[in-house]
Amino acid sequence: MILLLGAALLVEMAAPWQRICAVTSGDEPRICGWRTGYEGSNFGAYAAILAGVILVWELLPVVFPRLSMRGWPAAIVTAVLSTVLAVFVLLKLIKDNEFQTIWAWIGLIISVALMVTAWIRVRFRWGIRDERRKPEPSKVAPPAQVQPPPTGGSGS
């Protein structure tokens with residue numbers, strides 16, 4: 001899911017995120033064009049780089065099967081990277097907030113979905129970590145037998 005969302009964000013950032021117009025003199029009062037998610041402020045480029053890093057990080061175990069990246073530390077790295085990615089996409093929207101199109105908001109939704117998915121995976125992996133710490137019921141020592149106190153008296 002993280003791979004699909006990261007790739008979708010990279011593709012979606014090529015869509016027109018902002019409509020820009022320049023006022024001119026002459027017959028045509030203004031000239032308008034489109035700006036993609038990669039253009040404009042540097043936050044779009046940083047977001048694209050982070051999405052690429054997330055894709056590479058998630059594909060490492062596929063390319064190099066000997067890498068063991070199933071634990072919760074690898075999931076935390078993805079979650080932190082995806083959180084920074086969502087912040088950069090949000091900063092891009094704030095910085096270039098004039099004449100935004102629906103594509104900019106879709107990009108924000110994709111980045112937040114990627115972040116939420118990554119943190120859910122951290123929670124899942126952390127739960128597996130906690131389950132590994134619990135001893136199996138067969139290995140738990142039986143409770144100690146409590147002896148009744150002696151009555152302390154003689155029979156007569």
Over its Cα atoms, what ratio of radius of gyration to 2.2 N^0.38 Å does the stretch 2-132 give?
-> 1.31
Of the chymotrypsin sites (Phe, Trp or Tyr not before Pro) in the stretch 1-88, which ones lie in a loop per DSSP and count no more than 14 other C-beta atoms within 10 Å?
-> 38
Could you give the C-alpha radius of gyration of the stretch 54-93 expressed as a fraction of 2.2 N^0.38 Å, taking N as the number of residues it contains?
-> 1.38
Under a point-charge model restricted to the Cβ atoms of Lys and Arg (+1) and Asp and Glu (-1), what is the dipole moment magnitude of the stretch 2-132 relative to its Cα centre, in debye to the nearest 20?
-> 640
Give the residue from 84, 71, 57 lying farthest towards the positive end of the charge dipole for the stretch 2-132; charges sit on Cβ (+1 for Lys and Arg, -1 for Asp and Glu) and the dipole is referred to the Cα centre.
-> 71
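Values quoted throughout were computed directly from the atomic coordinates according to the rules given, and no laboratory measurement underlies them. Fair warning: this is a prediction, and the values are worked out from it, not measured in the lab. No Cβ is skipped: glycine too gets one built from the backbone with ideal geometry, and neighbour counts run over all protein chains shown.
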